[in-house]
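Here is the structure we will look at.
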Amino acid sequence: MAEGLRERKKQETRIALSWAAVRLAVERGYGNVRIEDIAAEAGVSLRTFRNYFDSKADAIAAREVDRTLRIAEELRARPAGEPLWTAIRVAIEKHFALGEEGHGGRTAPDEKWLAGIRLMMSEPALQGAVLKAHAKAAEDLAAAIADRTGTSGLYPRLVAEVIGATRAVVIAEWLRGDPPRSIAELLSSALDQVEAGLPVPDQPVRE
């Protein structure tokens, strides 16, 4: 019991540090944020920050890994008889925000916030860290899918990659913001289409 509480506390600290890194990088600009600032924003020591991350890029990119770990945990905990894609949808929608409620969640995002996210994601140092995080996230999710379905090899990895691609497209569309839409709305629409097998949508008749 105590061990479980310690692990949960460590996860919460890691998520708080990562979210603080994102928030400060968006508000101040990536180059104007030091790891000391991130530690102070999260209310921990610099030593604690270094126990979790090697750099601010790692701290920002860790959100994808941490989000996926929560989704994987939820997926394993869902009722055994629940259809796979129903369980996946519940898990994703429950943990997608991961501490960033109020910045895009169920309402259209603030343009200033979106502009800051776009600028942050253009940083070369961050892009490399994000690619590594995406690879780790895909492995974690594939393992959870394999556990739930009793499958191995191609199937769990394929499902994990489909989910990863869906989330990537949702975030890209959210950042495009033309017109601004809530990330929850985009995510729901994308999952609807994937779950339906990606049928070609009805197109308006051209005169």
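Normalised radius of gyration for segment 153-199, please: alpha carbon Rg relative to 2.2 N^0.38 Å, two decimal places. Could you put the intermediate results ahead of the total?
On the way: Rg = 11.9 Å, N = 47, 2.2 N^0.38 = 9.5 Å.
That ratio works out to 1.25.
About its Cα centre, what dipole magnitude does the chain give when the only charges are +1 on Lys and Arg Cβ and -1 on Asp and Glu Cβ, stated in debye to the nearest 20? Intermediate results must be reported in sequence, preceding the final value.
Values: 29 positive and 31 negative charges, 114 e Å.
Dipole of the chain, to the nearest 20 debye: 540 debye.
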*Under a plain spin-label model, where a point goes 7 Å from the Cα along Cα-to-Cβ, how far apart in nm are residue 82 and residue 46?*
4.4 nm
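In the P(r) worked out for segment 1-95, what percent of Cα pairs fall beyond 20 Å? Before the final figure, lay out the partial values.
Details: 2038 of 4465 pairs.
So the portion of pairs separated by more than 20 Å is 46 percent.
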*With every protein chain in place, what's the accessible area of residue 155 (1.4 Å probe, Å², nearest 10)?*
100 Å²
*Report the FRET efficiency, 1/(1 + (r/R0)^6), for residue 202 and residue 158, where r is their Cβ-Cβ distance and R0 is 30 Å, rounded to 0.05.*
0.60
*Probe 1.4 Å, all protein chains in place: accessible area of residue 148 in Å², nearest 10?*
50 Å²
*asked:* Can you give me the C-alpha center-to-center distance between segment 121-136 and segment 1-66, rounded to a whole angstrom?
replied: 16 Å
*Add -39500 (n - 2.57) for each DSSP H run of 4 or more in the chain, then divide by its residues: what number comes out at 222 nm, to the nearest 500 deg cm²/dmol?*
-24000 deg cm²/dmol
*Set of lysines near residue 132 by C-alpha distance (under 19 Å), chain-local residues within fewer than 8 positions excluded*: 56
*Residue-wise HN-Hα coupling along segment 40-48, computed from phi with Karplus coefficients 6.51, -1.76, 1.60 (Hz; x: Gly, Pro)*: 5, 4, 7, x, 10, 7, 4, 4, 5
*Under the definition of Cα pairs under 8 Å and six or more residues apart, what whole-number percent is the relative contact order of the chain?*
22 percent
*Using the reciprocal of the averaged 1/r over all distinct C-alpha pairs, how large is the Kirkwood radius of the chain in Å?*
18.3 Å
*How much of residue 85 can a 1.4 Å solvent probe reach, expressed as accessible area in Å² and rounded to 10?*
70 Å²
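Note down the relative contact order for segment 45-147 as a percent, whole number, built from C-alpha pairs under 8 angstrom at least six residues apart.
Numbers: 64 pairs, mean separation 48.5, N = 103.
Relative contact order, segment 45-147: 47 percent.
The values are calculated or read from the model by the stated rules, or taken from the named source; none is laboratory data. Note that the structure is predicted; figures quoted are calculated from it, not measured. Counting neighbours? That spans all protein chains shown, and the Cβs are built from the backbone with ideal geometry, glycine included. Note: accessible area is taken over every heavy atom of the protein model, side chains too, but ligands, DNA and RNA are not part of it. Shrake-Rupley method; radii C 1.70, N 1.55, O 1.52, S 1.80 Å.
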